[in-house]
1. Scan the stretch 157-221 for trypsin sites (Lys or Arg not before Pro) in coil per DSSP, keeping those whose Cβ has at most 10 other Cβ atoms within 10 Å, and list them by number.
2. Give the relative contact order (percent, whole number) for the chain; include only Cα pairs under 8 Å separated by 6+ residues.
3. I'm checking a number: the convex hull volume of the Cα atoms of the chain, normalised per residue, in Å³. What is it?
4. Excluding same-chain residues fewer than 8 positions from LYS162, which lysines have a Cα within less than 26 Å of its Cα?
5. Between ARG121 and ARG7, what is the FRET efficiency for a Förster distance of 22 Å, r being their Cβ-Cβ separation, to the nearest 0.05?
6. How long is the gain from GLN76 to ARG198 if the chain were fully straight, where each residue apart is worth 0.36 nm and the alpha carbon distance is subtracted?
7. Kindly provide the helix-only [θ] at 222 nm of the chain, computed as the sum of -39,500 (n - 2.57) over DSSP H runs of four or more divided by all residues, to the nearest 500 deg cm²/dmol?
8. Can you give the direction-averaged projected area of the convex hull of the alpha-carbon atoms in the stretch 1-64, in nm²?
Amino acid sequence: MTTTKTRVVLVEDDERITALLDDALTEAEFDLFKCPDLAAGRQALESGADLLLLDLGLPDGDGLELCRELREAGDQTPVIVLTARGEPTERVRGLEAGADDYLAKPFHLPELVARMQALLRRVSMAAATDEPEPDQITMGPVWLDTVTRRAGVGEEQVNLKKREFELLAFFLRNPERAWTRLQLLENVWGDNYACELRAVDLNVARLRAQLEKHAPRMVHTVWGVGYRMSEES
């Protein structure tokens, strides 16, 4: 019986790191496609990928450009950013651009493989959910369409970034309950989140500002706990 290997696209210009990853991921039975720049990465992704490993400092631009392009096109290929930029603010930038995980260089190869496998398991479990998610979720005048990835208030559409959209989806699926920042980080960013709790506050503030252009406050701060979404004023 033939087993199809997981197709991983690596966009990395450092030949030494590429060689190390080639050995490690081949041993872990991944099918690795090596790309030294964004142009080659875009071309490789046209044939599809199960996972993208993405450097940021590339000869023809910032890797986050490619990540944003994918998300804006509705492509949900899992992305792990590999970069020397390890500061918390840079991690937040990467995650807000649509990355699913972020690993600073130098990294431990077994940790990378474990993160890749965990992310692929999450994607597989989400795809295998028995009960299909409704196309549209609503609360009062606020609505969100999971197919078109659009959201709005009444007849007005609001422009949300990836994390803001996912936060709204999570709040709408779990109304009236108060969630801590850590719970939101785990449920919206995922098990392998790599950013500070401050990222939750920033994204909640942005989401709230977008919604309140057209409706009364529905995302509430629960002092000493975190946040909840409710039609209560």
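1. Working: sites: LYS161, LYS162, ARG163, ARG173, ARG177, ARG181, ARG198, ARG206, ARG208, LYS213, ARG217; in loops: LYS161, ARG177, LYS213, ARG217.
Hits after loop and neighbour filter: LYS213.
2. On the way: 344 pairs, mean separation 32.0, N = 233.
Value for the chain: 14 percent.
3. On the way: hull volume 31.9 nm³, N = 233.
Hull volume normalised by residue count: 137 Å³.
4. Candidates past the 8-residue exclusion: LYS105, LYS213.
5. Working: r = 16 Å, r/R0 = 0.74.
In this case the efficiency is close to 0.85.
6. Values: separation 122, 0.36 × 122 = 43.92 nm, distance 2.46 nm.
Full-extension gain reported as 41.5 nm.
7. Working: 8 runs with 89 residues, N = 233.
It lands at -11500 deg cm²/dmol.
8. On the way: hull surface 17.8 nm².
Taking a quarter of the hull surface, the average projection is 4.4 nm².
Each value in this text was obtained by applying a stated rule to the coordinates, not by laboratory testing. The structure displayed is predicted, hence computed values, not measured ones. Don't worry about glycine lacking a Cβ; one is built from the backbone with ideal geometry, like all the others, and counts go over all protein chains shown.
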